[in-house]
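Asks: Attaching a single structure in structure tokens format; questions to follow.
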Ligand code: SAH
């Protein structure tokens, strides 16, 4: 008789737990386990924040059910939110420390910026498309996400807040905009998908040493939407 109760209560808890648990949270944890920790994302803080930022809120409603799949998704205006693994990889390569000043070019959905802010960086982000910029500004305000957004061509950087410890370009560029290199602190890092803006790019990490001498490291092939504006002229 007692055994029956044990079996019954075990069965009930198996049925009830998934209903009570936040479904989004379990999907997010699965993403972190399988697509990030299961590959080469080793930075504990990056794994931790990717497990907390609610990616499903950054994608259109009709795509929320696949928000935690490891793939880019359309966000309107012909643009995309990057796949979680690439967001994690770029963030890991930047070695973000709390309090660092970070500039992002290409706010898009705001997801990458929110991940950086969750690491306690001070984040400035520039978005060239007016519609996306105003939508993400409202979204950040509503969700209390502390990221400063400007609607402009990120090619020129953000002089008023320069220099930056880190710069992340989340659109494909065929060269690194000189103003962005100039706005990077000595000892700073910049990451950019560099190469063809129509096909594939190489994830390129630039390290600026104390003498302002730049060195580069390559981290595999990626595919981003093109950086537009002056970068293409
Ligand atoms: N980081 C985004 C993904 C962005 S997709 C996210 O997490 O969702 C690339 C974005 O870069 C698009 O929104 C596009 O409009 C923007 N973009 C392209 N060229 C730009 C430029 N010159 N300056 C600023 N933003 C640019």
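Asks: Cut-off is 10 Å between beta-carbons; in what order do 80, 170, 52 appear when sorted fewest neighbours first?
Replies: 52, 80, 170
Asks: Sort 111, 218 so that the residue with the fewest other Cβ atoms within 10 Å of its own Cβ comes first and the one with the most comes last.
Replies: With the sparsest Cβ surroundings first, the list reads 218, 111.
Asks: Under 10 Å, Cα contacts only: if you run a Gaussian network model on the chain, which one of 63, 184, 194 comes out with the highest mean-square fluctuation?
Replies: 63
Asks: If I build a Gaussian network model for the chain, linking alpha-carbon pairs within less than 10 angstrom, which residue out of 179, 72, 84 has the largest mean-square fluctuation?
Replies: 179
Asks: Quick one: check the C-alpha center-to-center distance for segment 43-102 versus segment 108-148, whole angstrom.
Replies: One Cα centre to the other: 12 Å.
Asks: Tell me, 166, 71 in order of fewest to most beta-carbon neighbours within 10 Å?
Replies: Final ranking by Cβ density, sparse to dense: 71, 166.
Asks: Still on this structure, please answer the following. Considering the zone a paramagnetic label at residue 212 would reach in this model (a point 7 Å from Cα along the Cα-to-Cβ line), which residues of segment 175-196 have amide N under 18 Å from it?
Replies: Answer for this model: 176-190.
Asks: For residue 62 and residue 174, FRET efficiency with R0 = 30 Å and r from the beta-carbon atoms, rounded to 0.05?
Replies: Numbers: r = 34 Å, r/R0 = 1.12.
Computed FRET efficiency for residue 174 and residue 62: 0.35.
Asks: 222 nm [θ] for the chain, helices only, -39500 (n - 2.57) per DSSP H run of 4+, per residue, to 500?
Replies: -9000 deg cm²/dmol
Asks: Okay, moving on. Over the chain, consider all pairs of different Cα atoms and compute the Kirkwood hydrodynamic radius from their mean reciprocal separation; express it in Å, one decimal.
Replies: 18.7
Asks: May I ask for the Kirkwood hydrodynamic radius of segment 99-143, worked out over all distinct Cα pairs and given in angstroms to one decimal?
Replies: Its Kirkwood hydrodynamic radius stands at 10.5 Å.
Asks: A further question follows. Compute the length gained on full extension between residue 131 and residue 182: take 0.36 nm times their separation in residues and subtract their Cα-Cα distance, giving the result in nm to one decimal.
Replies: Values: separation 51, 0.36 × 51 = 18.36 nm, distance 2.87 nm.
Extra length available between residue 131 and residue 182 comes to 15.5 nm.
Asks: Sticking with this one: Restricting the count to DSSP beta bridges whose residues both fall in segment 62-232, what percent are antiparallel, rounded to a multiple of 5? Can you show the working numbers first?
Replies: Numbers: 17 of 37 bridges.
Of the beta bridges lying entirely in segment 62-232, close to 45 percent run antiparallel.
Asks: Mean-square fluctuation check for the chain, GNM, Cα pairs under 10 Å: which of 193, 74, 54 is largest?
Replies: 74
Asks: Among rounded, prolate and oblate, which fits segment 70-203 when a ≥ b ≥ c are the square roots of the eigenvalues of its C-alpha gyration tensor, a/c under 1.5 means rounded, and a/b larger than b/c means prolate? Intermediate values should be presented prior to the final figure.
Replies: Working: a/c = 1.26, a/b = 1.04, b/c = 1.20.
Rounded, because the longest to shortest axis ratio a/c is under 1.5.
Asks: What distance in nm lies between label points placed 7 Å from Cα along the C-beta direction at residue 230 and residue 24?
Replies: Roughly 3.8 nm, to one decimal.
Asks: In addition: So for the chain, averaging the separation of alpha carbon pairs under 8 Å that are six or more residues apart and normalising by length, what relative contact order in percent results?
Replies: Value for the chain: 13 percent.
Where a number appears in this text, it was derived from the coordinates with a stated rule and is not lab data. Bear in mind the structure is a predicted one, so any value in this text is a computation, not a measurement. No Cβ is skipped: glycine too gets one built from the backbone with ideal geometry, and neighbour counts run over all protein chains shown.
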